[in-house]
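Below you'll find the structure, written out as structure tokens, and then a few comments.
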Amino acid sequence: MNALTIIGGGLAGCEAAWQAAQRGVPVELWEMRPARPTGAHRTDRLAELVCSNSLGSRLPDRASGLLHRELRALDSLLIRCADAAAVPGGAALAVDRVRFADAVTAAIEGHPRIVVRRAEAETLPAGPVVVAAGPLASPALSAALEQALGEQNLYFFDAIAPVILGDSVDFTIAFRGSRYGRDASGEGDYVNCPFTREEYERFIAELIAARRIPRKEFEAEVEQGVKTGGAFFEGCLPIEVLARRDPRAPAFGPMRPVGLTDPRTGRRPWAVAQLRREDAAGERYNLVGFQTNLARAEQERVFRMIPGLAGAVFERFGEMHRNTYINAPTALIPALQWRLRPDVFFAGQIAGVEGYAGNIATGWLAGVNAARRWRGEPLLTPPPETMLGALCRAAAEGDPKRFQPVKANLGLLPPLDPAPRGKRERAAALAERAAQALAAWRAREFLSAEAPAP
Ligand SMILES: Cc1cc2nc3c(=O)[nH]c(=O)nc-3n(C[C@H](O)[C@H](O)[C@H](O)COP(=O)(O)OP(=O)(O)OC[C@H]3O[C@@H](n4cnc5c(N)ncnc54)[C@H](O)[C@@H]3O)c2cc1C
């Protein structure tokens, strides 16, 4: 039997490669960088994080925290590397992106059953295959997929947030702290730039009026909803789009001041812009939630209006990017197998799953199932009560007419009966049920059915 081909050495592809190789399957992992860049990746490392350095909340009663816990229980390579590269991030699992990617690259390149091919897959090869080419899949592969899928690929856009040098922040104004004191480091994981009401209103007015980068015609088509029903993934809206919808929206979203007290005034600010460390030393900070499509000069002008950032030095500007994904409900079953070609699996963003943790998790399942098919074993589908099972079902069983990438959230889990009244109690009960379901599933299907790697 052929080696398993995995297209894409990103989050999903690396996890898939590792899981398949650990199960005794020879893997050929195709990664087109550095010869062919994507426009968002900046290095040749495998598993490079393109934007935020956070894998989401660590709290076990939050969707991403639940996924982290499941991935740990399932012996995920990437979550192990993330834990080892963690930097203080409050309630978030934030990582040093260089250490994280270095660790994944070393593990993958050092695996005796994985061969890394630094080349672009321009067509869909003979099976078995895992397609994990991500939201920025190369145009040639996208065209091949479009032809094979028998329908148009869907495009829409994500925006990334700027990164600012730590020593350019004015700490006579900005202060350290996490909302509700949820610090992992004990010294204030976030840097908070506090706004008065007047400052906020001036800032929002400039933000709304600022010049944006003009987008190509087909982007406009997407924005009008011709292809996707909406231009932006709602969880990653550019800050200026959010502000345009409602000037108060940022103050209730990424700029919400709840759980914070400005030490200069002793009061809660009207709004805050939060900076989160990009590295353990705090040399670079991500402007949390400020993904944007403003022109670079406008980003400098407008974001320097943020109190404490008058002298901000931008290490990276925010940008908008293409996001390629298949119509998962028509293409996939919840085991992430392609309906048309059972020797092909999809994983990560291109499979219609949004967010780093979800991309890793679907990489895990696609790698395991590709390996099981290779070995002649039945495919696995995690129970719907687990976050992984719920996520895969939400993608594969979503509404094909209105499908947009799915991000892990507790609402995907089947409701509890009876349901505890409080939100927190409900979340805790869902998390507990997920843990039990995963443990029972592992014992029943997974551990017992899987032979150890030869
Ligand atoms: C600009 C941008 C910002 C994002 N920001 C965030 C964020 O802050 N937080 C978050 O949770 N999610 C974010 N996402 C969404 C998503 O979680 C990430 O893109 C994530 O990296 C996707 O994981 P993946 O494994 O599916 O794809 P990737 O990690 O992108 O990996 C795909 C790999 O395939 C390679 N490749 C593509 N085509 C080919 C080919 N034909 N042959 C060989 N190799 C190929 C690429 O070079 C890449 O290395 C963002 C997405 C984009 C586009």
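The values are calculated or read from the model by the stated rules, or taken from the named source; none is laboratory data. Note that the coordinates shown come from a computational prediction; the quantities given were computed from them, not determined experimentally. Because the Cβ atoms are built from the backbone with ideal geometry, glycine has one as well, and the counts that use them run over all protein chains shown.
The residue of the stretch 308-326 that is farthest from I350 (Cα to Cα), among those that are away from the ligand (no atom under 12 Å from the Cβ) and crowded, with 21+ Cβ neighbours inside 10 Å, is G308. Within the stretch 40-55, residues that are at positive phi reach partners that are hydroxyl-bearing (S, T, Y) and not in a strand (DSSP E or B) with beta carbons closer than 8 Å, at six or more positions or on different chains, in the pairs A47/T105.
Here I350, I333 are screened, and the one residue that is surrounded by fewer than 24 Cβ atoms within 10 Å (Cβ to Cβ) and at negative phi is I333.
Annotation note: Cβ proximity below 7 Å between a residue of the stretch 112-141 that is under 16 Å from A351 (Cβ atoms) and not assigned by TED's automatic domain parsing to the domain that holds G348 and a residue that is of a type in the set (D, E, K, R) and near the ligand (Cβ under 9 Å from one of its atoms) (sequence gap 6+ or interchain) occurs for no pair. In the set (1) under 30 Å from R301 (Cβ atoms); (2) modelled with pLDDT under 95, D170 fails one condition alone, (2).
Which is surrounded by 22 or more Cβ atoms within 10 Å (Cβ to Cβ), within 16 Å of the ligand (Cβ to nearest atom), within 29 Å of L275 (Cα to Cα) and not hydroxyl-bearing (S, T, Y), of G363, G358? Spell out the reasoning first.
Details: G363 fails: within 29 Å of L275 (Cα to Cα).
Just one listed residue meets the conditions, G358.
Condition check: away from the ligand (no atom under 12 Å from the Cβ) and at pLDDT below 95. Does A371 satisfy that? Answer is no for this residue. Which of the residues belonging to the stretch 15-42 are more than 10 Å from the ligand (Cβ to nearest atom), of a type outside the set (A, V, I, L, M, F, W, C) and within 19 Å of the chain's Cα centre (by Cα)? Correct list: R42 only. If you go through the stretch 121-137 and keep only what is within 23 Å of the chain's Cα centre (by Cα) and not small (G, A, S), you end up with V129, V130, V131, P135, L136. Kindly check whether there is at least one residue in the stretch 341-348 that is away from the ligand (no atom under 16 Å from the Cβ), out of contact with any strand residue (DSSP E or B) (no Cβ under 9 Å at 6 or more places or on another chain) and either among the hydrophobic types (A, V, I, L, M, F, W, C) or outside the structural domain of A17 (by TED's automatic domain parsing) (or both). Scanning the stretch 341-348 turns up no residue that is away from the ligand (no atom under 16 Å from the Cβ), out of contact with any strand residue (DSSP E or B) (no Cβ under 9 Å at 6 or more places or on another chain) and either among the hydrophobic types (A, V, I, L, M, F, W, C) or outside the structural domain of A17 (by TED's automatic domain parsing) (or both).
The residue of the stretch 57-92 that is farthest from the ligand (Cβ to nearest atom), among those that are surrounded by 24 or more Cβ atoms within 10 Å (Cβ to Cβ) and part of a strand (DSSP E or B), is V87. When A273 is tested against (1) away from the ligand (no atom under 16 Å from the Cβ); (2) in contact (Cβ under 8 Å) with a residue 60 or more places away in the chain; (3) surrounded by fewer than 19 Cβ atoms within 10 Å (Cβ to Cβ), only condition (3) is not met. Output the number of the condition that E385 fails; it satisfies all remaining conditions of (1) within 21 Å of the chain's Cα centre (by Cα); (2) crowded, with 19+ Cβ neighbours inside 10 Å. Condition (1) is where E385 drops out.
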